[in-house]
Amino acid sequence: MKRFSLNDLANARWFVAALLLATTLLALAAMGTSVETEKYQQGLFEASSYNATFDYSRAQIEIERLARSIERFRAGDVDRQQLETAFSVVATRLETLPARMVGRPFRDALVARDALQAACDEFVSLRPVMEQPEIAGRMVGRFDDVARTFSRLTTTANAVHGDIVEGRRVRLSNALADLGFNLRLLFGIGLVLVVVLIQQKLRFRRQALTDPLTGLPNRAAFQTWAERVFGAREVAVAVIDVDHFKEVNDGSGHQRGDRLLCDLGGVFKAATARSGQVARIGGDEFALLFVGAGAEQQAEHACAEAARRLGALAVDCNDRRPTLSIGIAAVAEGKASLEGLLLDADSAMYCAKSGGGDRIVVASREFRSQLEQRRLLQRDLASAVARGEFQTVFQPIVEVGNLRAHGFETLLRWDHPDLGRLSPDFFIPLAEENGAIVEIGRFVLDRALSIAANWPDPLTVSVNVSALQLGDRAFVAHVRQSLLRHAVAPHRLILEITETVLIRNGNAKSVLDELRALGVGIALDDFGTGYASMGYLRQYRFDKIKIDKSFVSTMVDEGKSAAIVRAICGLARDISATVVAEGIETEELLALVGDAGCQLGQGYLFARPMSALQTTLFIERSGWGGVAAVPRPQLAATA
């Protein structure tokens, strides 16, 4: 037979509903009993405060006194005035004589009162001849009979009144007993209900603080651990992210991804043992907390142990074995802030991920200093456009065969008031982190089109687009408005995107289709460096494919790179895409990419990024003002 604990019953909805129903019914019963008790108490009070027996007894005495007065009147001992006084007392008593007992009709009292009424009526009729002895004797006998009737009535009334009082007392006592029982039962069930509600509240709190998939504490629970950190001299926090989890999830299925997260939860608990706490704070992010002496060393050891255990874990994720990007932040001066440590560890984790993943980065003092500088730069980025600190420069894209300028890629420079000119490789990731890239991207697009409007029509202008820009609902509308505002033909605008942009935007295809409908060209930038480049060529249509400079720059020394470039060119021809080779810095590389089939080239061999004015001069030298091509340079010195 299955046994149920109170905790099991507390989790059963029917049991809680039954308790609530029983409590409600008992409360209603107690209220009804209390009303009856009050009524019985009031009746008992009324019955005890007035007894009709007294009136009947007084009536008997007054009737007997009248009978004696008649006797004495016959004997001549009292005069008529005294007799009339005695009769008036009885007549008055007759008018006030009660005929009900404790609110109920009393038949004996009605009979006695009728008898007294008849005797009084006869007395009134015989009053003139009351001196006659036989008349007086008759009335004496009549009133004596009535007096005896009232004597019996007094006895009966006293007994009836006692029975009524006793009955009401018994009913009051029973009502009080029922009320007491109901209240005790109500208290007992209420106590059980309170315990159940407390257990449910604790269960709901546990659910609110527990990740339903892994059973680990969640982010909300992690934040409640701040009290453990308060006053501690050494505290360490590790933030762990699963590398390429999206690819694992998509390639192996969500069930496999969920299983991996559950396995990781077990790995982290085993790695921390009893020295630390584990929480799942995001989709594929976990956090470890260590408090006490040697917290940082414990964190590093636990993270290394977790990575080792994960490597030995049999996880079927197709061709990708999951790895971890780990960031650790620690303090040893007793000034720990859990939120601050979490932010620092999170930043260290992103640093590990940006470095290729499968590594541990500790947020050292130097790292924190750099992190603070990054945060200050992100703050400055928010208003850099408004302060006019961004400058656009242009690098030519040249036709490999005749070295004529085909177009220009727009690049961005930040003239920081304190740090001087900064490269986009430094500040663009910061702008993507804080969302400023959307405003910056609009500025670059508008600036590029305003300058390209003055170039000869065949020349194109390329603008890089970030993932956040492509996800902006107003992006397509802004492109359309900018083209109209600067009167630039849509086919002259080339938007360059990377695989990262496509990965981070689930609706990328619909946005690219809208842009293509405008007539804008789309280029796949840094081709060959991503995880699924070939898959994107099948899924999307691109006008240009830009081969990453990591392949181009090694074509001289590595035969594989040259073979890859030739293969890409052949593939591009099959899908009607133009190939742009990036990073051409020597005549030898120029010849190699030309032989491989690249139609366009870009690199320092032709020119470094140039200002708008320098770009105009370059265009004129390229022959767009005449017929000459660009002289074949050894290495352009244009700044």
How many residues of region 418-444 are crowded, with 22+ Cβ neighbours inside 10 Å, within 30 Å of the chain's Cα centre (by Cα) and assigned to a helix (DSSP H, G or I)? The answer is 2
Within region 507-564, residues part of a loop (DSSP other than H, G, I, E, B) and either hydrophobic (A, V, I, L, M, F, W, C) or at pLDDT below 80 (or both) come out as N507, V520, G528, T529, G530, Y531, A532, F542, M555, V556, D557, E558
Please tell me if L376 is in a helix (DSSP H, G or I) and buried (at least 17 other Cβ atoms within 10 Å of the Cβ).
-> no
Filter result for the condition that a residue is within 20 Å of A448 (Cβ to Cβ), surrounded by 15 or more Cβ atoms within 10 Å (Cβ to Cβ) and of a type in the set (S, T, N, Q), over T554, T498 | T498
Quick one: which residue in A448, A386 is assigned to a loop (DSSP other than H, G, I, E, B) and either of a type in the set (A, V, I, L, M) or touching a strand residue (DSSP E or B) at 6+ places or on another chain (Cβ under 7 Å) (or both)?
-> A386
Go through (1) without any contact (Cβ under 8 Å) to a residue 24 or more places away in the chain; (2) surrounded by 22 or more Cβ atoms within 10 Å (Cβ to Cβ) and name the single condition F286 misses.
-> (1)
In region 587-608, which residues are crowded, with 21+ Cβ neighbours inside 10 Å, closer than 21 Å to T392 by Cα and of a type outside the set (A, V, I, L, M)?
-> G601, Q602, G603, F606
Is there any pair with a first residue in region 508-527 that is over 17 Å from V461 (Cα atoms) and a second that is part of a strand (DSSP E or B) whose Cβ atoms are under 7 Å apart and which are 6 or more apart or on different chains, and what are they?
-> L512/I522; D526/K546; F527/I545; F527/K546; F527/I547
Between residues in region 473-489 that are surrounded by 12 or more Cβ atoms within 10 Å (Cβ to Cβ) and residues that are of a type in the set (G, A, S), which pairs lie under 7 Å by C-beta distance while being six or more apart or on different chains?
-> H486/S450; H486/A453; V488/A452; V488/A453
List pairs: first in region 154-182 and under 30 Å from T23 (Cα atoms) and at pLDDT 75 or above, second buried (at least 16 other Cβ atoms within 10 Å of the Cβ) and among the polar types (S, T, N, Q), Cβ under 7 Å, 6+ apart or cross-chain?
-> L176/T37; D178/T33
R447: of a type in the set (D, E, K, R) and either closer than 22 Å to V501 by Cβ or under 42 Å from the mean Cα position of the chain (by Cα) (or both), yes or no?
-> yes
Pairs only if they're at least six apart or on different chains, beta carbon under 7 angstrom, first in region 185-204 and surrounded by 12 or more Cβ atoms within 10 Å (Cβ to Cβ), second hydroxyl-bearing (S, T, Y); list them, first residue then second.
-> L186/T23; I189/T23; G190/T23; L193/T23
Look at E122 and say whether it is assigned to a helix (DSSP H, G or I), surrounded by fewer than 17 Cβ atoms within 10 Å (Cβ to Cβ), in the same structural domain as S151 (by TED's automatic domain parsing) and in contact (Cβ under 8 Å) with a residue 12 or more places away in the chain.
-> yes
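The values are calculated or read from the model by the stated rules, or taken from the named source; none is laboratory data. What you see is a predicted model; the values in this text were computed from it and never measured. Please note: Cβ atoms are built from the backbone with ideal geometry, for glycine as well, and neighbour counts cover all protein chains shown.
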